[in-house]
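Peer 1: I have a structure here, written as structure tokens, and I will follow up with some questions on it.
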Amino acid sequence: MTTAAWVFFGLAAATAVVDWWAVAARRRRVEYVAKPGVMVWLIGAALAIDPGGNSWTSALFVLALIFSLAGDVFLMLERERFVAGLASFLVAHVGYVAGLAATSLVSAVPLAAGVAVVAGGAATLGRRITSTVRRTDGALFAPVVVYMVVISAMVATAAGTGVAIAIAGAVLFYASDALLAWNRFVAPTRRGRLAVIVTYHLGQGLLVASLAAF
């Protein structure tokens, strides 16, 4: 890990805390600056980390972060662009899957374990979310299902690498999206938006930090 990477991580952490406060205090104008700001700093960190010479993984993670930034912007516009945001994050997860696969660390047993875990999530939580989407907004059913498949593939691939920090990051990202979907389609939860953004930032940060392990 380079000094520059630590500086970028520090800036990302500080900006994330500001964003968490803004979400809790409902300061939307602060969110408009802080939320994308976190991703800008994480892109800087990803570019500054020495990923053990694996330039493909680094490049694909940066691509994932750029599309995550785009997704953040789409979802916080005054007139929210949910489908555009969903599409942006779908591409981001594809980038993470490809980047994790490019490490050449993915092996069969941990990958199978990851698949089993996300299959369990899909059969329980995912089933509840998709059934509600089908009933209340049928046009979103197919995009949501595709998105769930791709993010599940990201978690399973992270598990396949056996790298703990990458697994933790992927699981937190998954948890953030599951919370967002539950709050949006099933039932709002207390402090739901805050839980979504905290798990999202922690997940993204850990995935970027995992570059140092590859």
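Peer 1: The conditions are (1) surrounded by fewer than 20 Cβ atoms within 10 Å (Cβ to Cβ); (2) touching a residue at least 12 places away in the same chain (Cβ under 8 Å); (3) more than 21 Å from His201 (Cβ to Cβ), and Ser55 fails exactly one of them. Which is it?
Peer 2: For Ser55, the exception is condition (2).
Peer 1: If you scan the range 37-52, which residues turn out to be surrounded by fewer than 18 Cβ atoms within 10 Å (Cβ to Cβ) and at pLDDT 95 or above?
Peer 2: Val40
Peer 1: Give me the pairs, please: first residue somewhere in the range 181-197 and without any contact (Cβ under 8 Å) to a residue 60 or more places away in the chain and among the aromatic types (Phe, Trp, Tyr), second residue anywhere and surrounded by 15 or more Cβ atoms within 10 Å (Cβ to Cβ) and assigned to a helix (DSSP H, G or I), beta-carbon distance under 6 Å, and either six or more positions apart or on two chains.
Peer 2: As it stands, the answer is Phe185/Ile129; Phe185/Thr132; Phe185/Val133, since those pairs meet every condition given.
Peer 1: Which of the residues spanning the range 160-214 are among the polar types (S, T, N, Q) and either crowded, with 19+ Cβ neighbours inside 10 Å or within 15 Å of Val106 (Cα to Cα) (or both)? Steps first, please.
Peer 2: Here is the first cut: in the range 160-214, the residues among the polar types (S, T, N, Q) are 161, 176, 183, 189, 199, 204, 210.
Residues satisfying the conditions are Thr161, Ser176, Thr199, Gln204, Ser210.
Peer 1: Would you point out which residue out of Leu111, Leu86 is aliphatic (A, V, I, L, M) and in contact with a Pro (Cβ under 9 Å, 6 or more places away or on another chain)? Quick ask: steps written out before the conclusion?
Peer 2: Values: Leu111 fails: in contact with a Pro (Cβ under 9 Å, 6 or more places away or on another chain).
Residue meeting the stated conditions: Leu86.
Peer 1: Determine, yes or no, whether Ala12 is among the small types (Gly, Ala, Ser), under 24 Å from Leu77 (Cβ atoms) and either touching a Phe, Trp or Tyr at 6+ places or on another chain (Cβ under 7 Å) or without any contact (Cβ under 8 Å) to a residue 12 or more places away in the chain (or both).
Peer 2: When the stated conditions are applied, Ala12 passes them.
Peer 1: Continuing with this model, one more query. How about the range 123-214: which helices (runs of 4 or more DSSP H) wholly inside it have at least 3 residues that are hydrophobic (A, V, I, L, M, F, W, C) and under 13 Å from Tyr96 (Cβ atoms)?
Peer 2: Because the criterion is at least 3 residues that are hydrophobic (A, V, I, L, M, F, W, C) and under 13 Å from Tyr96 (Cβ atoms), the helices (runs of 4 or more DSSP H) in the range 123-214 that meet it are 141-161, 164-181, 192-209.
Peer 1: Under 9 Å between Cβ atoms, which residue pairs at least 6 apart in sequence (or on different chains) link something in the range 121-145 that is under 13 Å from Phe185 (Cα atoms) and without any contact (Cβ under 8 Å) to a residue 40 or more places away in the chain with a partner that is basic (Lys, Arg) and surrounded by fewer than 16 Cβ atoms within 10 Å (Cβ to Cβ)?
Peer 2: Once the first residue is under 13 Å from Phe185 (Cα atoms) and without any contact (Cβ under 8 Å) to a residue 40 or more places away in the chain and sits in the range 121-145, its partners that are basic (Lys, Arg) and surrounded by fewer than 16 Cβ atoms within 10 Å (Cβ to Cβ) give Phe141/Arg134.
The values are calculated or read from the model by the stated rules, or taken from the named source; none is laboratory data. Just so it is clear, the model here is predicted, and its values are computed rather than measured. FYI the Cβ positions are ideal-geometry reconstructions off the backbone, even for glycines, and counts take in every protein chain you see.
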